[in-house]
1. For the residue pair B:Ser113 and A:Gln182, what label-to-label distance in nm results when each label sits 7 Å from Cα along the Cα-to-beta-carbon direction?
2. Under the rule of at least 5 residues apart or a separate chain, name every residue whose amide H is placed under 5 Å from the amide H of A:Met50.
3. For B:Thr48, enumerate residues with amide H under 5 Å from its amide H, sequence gap 5+ or separate chain, H modeled in the peptide plane.
4. How many Cβ atoms of partner chains, on average, are near each residue of A:27-38 if near means within 10 Å of its Cβ?
5. Tell me, what are the semi-axes, in whole angstrom and largest first, of the equivalent ellipsoid of the range B:6-125 as set by the roots of 5 times the Cα gyration tensor eigenvalues?
6. Among A:Lys327, A:Lys112, A:Lys135, which one shows the biggest mean-square fluctuation in a GNM of chain A, springs joining Cα atoms closer than 10 Å?
7. With every protein chain present, what accessible area does A:Asp228 have (1.4 Å probe, heavy atoms only), rounded to the nearest 10 Å²?
8. Helix by helix through chain A, keep the DSSP H runs that span 27 Å or more along the axis on Cα and average at least 0.0 on Kyte-Doolittle, and give those back in order.
Amino acid sequence: MDVAIVGASMTPFGERDAWIRELLAEAGRACLDDAPVGREAVEHLYVSNMASGELEGQTGTMNALAHDLGVLGAYAERVDQTSASGAAGVYEAWQSVASGASEMTLLVGGEKMTHRETAETSDVVASVTHPVEYKHGVTLPAFGGMAARLYMEEYDVPRESLARVAVKNHANGALNPDAQFQKAVDLETVLESPVVNDPLRLYDYCPVTDGAAALLFCPVAVAEEYTDEYVRVAGVAGATDTHVVHERPDPLALSAVAESGRQAYEMAGWEPTDVDVAELHDMVTVLEPLELEALGFAERGEGWRLAEDGTTARDGDLPVNPSGGLKARGHPLGATGVAQAVELYWQLRGEAGERQVDCERGLATNVGGFGNCVITTLLEAGAA
Amino acid sequence: MSDDGSDLTAHRCPNGHLTYPGHGRCPDCGEPQTETVDLSERTAEVLTWTESVATPSGVRAPNTLAIVAFDVDGQTVRALGGTTAAVEIGDTVEPVYVDQLRDPEASLRARESQDWGGFRFEPVE
């Protein structure tokens, strides 16, 4: 069954006073307000969230949200795939409708993080690692530093080219009223910011963020009863890579990104050249070029050139992260994959305001761990 | 079989696939891993490294980390670990045992869930 998206919302991302229940309810209510159906239509409810238990001491968020939104009676489930929880929720929501189990599925992703010390938040996120990694105090940002050094060494990648990813995504975030950082930065600012995981610096990384985002899914046939303006799920697929990062034969290959992309392209019948706009998981700058390579947009070792030559700029051939990406929009773990799809939904409907790009087909890739588990989603505008 | 890195032991299946840490079944072929190779007396080469300034609760700061590659009879097996001094890509290092790599009381993971000792890597002159 073909699946459509008929509603979308996101809360402002950043440092919020609201706790996880309130953030989820805020995004869920706004999504139902945006949709052409009422709350009584919701049959399945999915909540994407990585760590509200560890971060806040609130578990059972799916039941809490069903009550807070007044969709009692709906089947409700929490989806956790670490930092890819958001897109895993997209996958679950798609599956619930495609299988015929639900005719109206609400997905809300959210995370509340900024109330904890950075060292604590960092430990919660690093707890995805294997004991042989965890005991050494490695973090996902530290893997980013090691990957960046290896990438620069193996492919003669200039340090500045990674900084250009941050500059581009900040420029986009400056046009996004929901982004955490709505401020452009120049190359010098990135290159002179404090070292965090040598050779990478503060501005190479996404911030710690609170926020939530939501989407409403139904069969295309149902969507067409209400509206001509829906977005179709053309493809969605997930894949896993090794749990232990150092066991990968090629640490720069991001094989789960490649495999999720391959399967999603196959489902949609698309080639990489069919994609007009992409939202990628730039938790750290070096991930954007590595994902571009894994998804077939660049040859191995060449992904960094796309930010250098303007290909991935808003007015380039393949705009990447017009929302500002994780870098500028922010990265509330469970919300991110949903927010990526929300951005594509707005872009494909021509509702992205000042940051609108010319597009009919979009791709989103959401990464858990350091490429450990990945979902790629392909969305397209309008009639099936 | 300990798989938490306290003994720096690689594991091999009958088809010759070598992994560190060990796994219940060989990730390549699914066979049980039946042999072990002690890496703690061998040297390795630094593949890449970073120095983390902001570290998680219970972890030293700064924390210099490296992924190193051991050559075992022509096969490469890698490990992650802290280093005892500054390193560069290509440096030769040797494992040195440390009783407690991070403070379990300040860490999220349950103290009893793993051993907290293990090996850091020291540059060989």
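The values are calculated or read from the model by the stated rules, or taken from the named source; none is laboratory data. Note that the structure is predicted; figures quoted are calculated from it, not measured. Every residue, glycine as well, gets a Cβ built from its backbone with ideal geometry; the counts of neighbours run over all protein chains shown. What goes into the accessible areas is simple: the full protein's heavy atoms, side chains included, and nothing from ligands, DNA or RNA. Shrake-Rupley method; radii C 1.70, N 1.55, O 1.52, S 1.80 Å.
1. With each label placed 7 Å out from Cα toward Cβ, I get 4.0 nm.
2. A:Gly334
3. B:Ile67
4. 0
5. 25, 20, 11
6. So, out of A:Lys327, A:Lys112, A:Lys135, the one fluctuating most is A:Lys135.
7. About 140 Å², ignoring ligands and nucleic acids.
8. Qualifying helices: none.
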